[in-house]
Each structure stands twice: as C-alpha cells, then as structure tokens.
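The values are calculated or read from the model by the stated rules, or taken from the named source; none is laboratory data. For clarity, every value in this text was computed on a predicted model and none was experimentally measured. All Cβ positions, even for glycine, are placed from backbone atoms using ideal geometry, and neighbour counts span all protein chains on display. Surface accessibility is based on the protein's heavy atoms, side chains included, excluding ligands, DNA and RNA. Shrake-Rupley method; radii C 1.70, N 1.55, O 1.52, S 1.80 Å.
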Amino acid sequence: MSGEKFIKLDAELYRYLLRHGHNHDPLLEELVRETAALGSLAAMQVTPEEGTLLNLLVRVTGARRALEVGTFTGFSSLCIARALPEDGRLLCCEVNEQFAAVARRFWQKAGVAHKVELALRPAVETLRMLEERPAFDFVFIDADKPNYLVYYEEALKRTKPNGLIVIDNVLWGGKVVERDDQSEDCRAIRALNEFIARDDRVQAVMLPVADGITLARKK
C-alpha cells in the first residue's frame, strides 16, 4: 500500500515510549503490583500507556457517562473515572467478585468511588437490562472475546451520536493475521474487526497501542 509507514516496537523502544509519556502514577503502580499476585491472570490488565490514552480520550471528548465492559482489578476504570467530571458516572460490568473487590478498594483510594456503579453479573445481562436508548458518551470493551460482537452491538445501541467506543485486544498478540490460529478467541476478534471495518454506523480506526485498540465514533 502506498504510504506505508510503521516501526518495530522492541523492548528498548517500548521502555523509551513509557518514559516519554505521562504513564507513571503511584496509585496505579500499586494496583499493578497487587494484581501481579494473580500470576498469569495479571496479563489481563491494561498497559500504562493504554490507561493514559483512555484518560485522555475521556477528557478530550468531554464524556460525562461512561460504560466499561470488563473491569478486572480496576486499572482502566480508575483511568476513566478520574477523567470524568465530579458529576460524571461510570457503569462497570464485571463478573468476578475477587477482582471487583480489588477494584472497589482502589476506587476508594483514588476518591472516585462516588462516580462508579458496579454491576456484578455477566455483562450481556447488564447491557440488556439497560434501556435501549443513547445514554453513554464513552465505552470501553475489554472482556471475554467470544462475546465481543454482542458487547459492541449492545453498547452501540446505547451510545450517543458522536460517542466513542474503545475496544481492546483487537490485534490479539498479532495472531489475527495468523490463519493457523483458529482458537475461539482469535476467531471472535477477527469477526469483530471485519464487522467494524464494514459498519457504516461508525467512523473507526485501529491503532497499534498495547495489544491493539479500535476507536469507533458513532455517527
């Protein structure tokens, strides 16, 4: 393709990237250390630069009502809630009580608990319980991959015109282009990516941030 321009991000360059953005925060770093005790599950936590980007996006869009599908131990929700105005609200969908308990403690530590509502049940149930009307300015989806397309559709119905939907893990470690990977998760992500690429209800761009994110603005 004409105009191709990309760079290989190795470990040294990634550390440089982190050093030259505002990606360090004592409370978030404390949360990272606590989440690390979960072992391999800690990999589900968003990266520092992704958290910074979420915070920036909420601020620059002026979002007041936000939705998060998949909260884990609360890193991304902290970044989003901190960026909301004092009367802003974030609805968090999480199914695991152990993870949610950690998130609750850190919402309290950050002084944003009054902005956050936690729905502790399968996210599909929570979304379908909401009125089918545009209510959210900002949505972040980072949960079980087989339901990604369902989450996207249910969120889009409830997103205001010009609202922003952010979807995590859309490159799936680069495996989306490896046709030998026919795992359920990878096939689900490919399906969503192909769907959004043809969805004329949104303006979308995929960015190579962390494990890949898609930004989709509802028209």
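When segment 51-95 is filtered for residues that are in contact (Cβ under 8 Å) with a residue 60 or more places away in the chain, out of contact with any strand residue (DSSP E or B) (no Cβ under 7 Å at 6 or more places or on another chain) and assigned to a helix (DSSP H, G or I), only LEU53 remains.
For segment 1-37, enumerate the residues that are more than 24 Å from THR73 (Cα to Cα), surrounded by 10 or more Cβ atoms within 10 Å (Cβ to Cβ) and in contact (Cβ under 8 Å) with a residue 60 or more places away in the chain. LEU9 - this is the single residue of segment 1-37 that is more than 24 Å from THR73 (Cα to Cα), surrounded by 10 or more Cβ atoms within 10 Å (Cβ to Cβ) and in contact (Cβ under 8 Å) with a residue 60 or more places away in the chain. Please specify each residue of segment 148-185 satisfying the condition of being in contact (Cβ under 8 Å) with a residue 40 or more places away in the chain and part of a helix (DSSP H, G or I). Scanning segment 148-185 gives TYR148, LEU149, TYR151, TYR152, ALA155, LEU156, TRP172, ASP185. Using beta carbons and a limit of 7 Å, which pairs, at least six apart or on different chains, have the first residue in segment 189-213 and in a loop (DSSP other than H, G, I, E, B) and the second one among the hydrophobic types (A, V, I, L, M, F, W, C) and open to solvent by less than 30 Å² (accessible area, probe 1.4 Å)? Partner pairs satisfying both residue conditions: ARG201/LEU156; ALA210/VAL46; GLY212/VAL170. Taken together, ILE165, ILE141 contain a single residue that is farther than 19 Å from MET44 by Cβ, crowded, with 16+ Cβ neighbours inside 10 Å, in contact with a strand residue (DSSP E or B) (Cβ under 8 Å, 6 or more places away or on another chain) and not small (Gly, Ala, Ser), which is ILE165.
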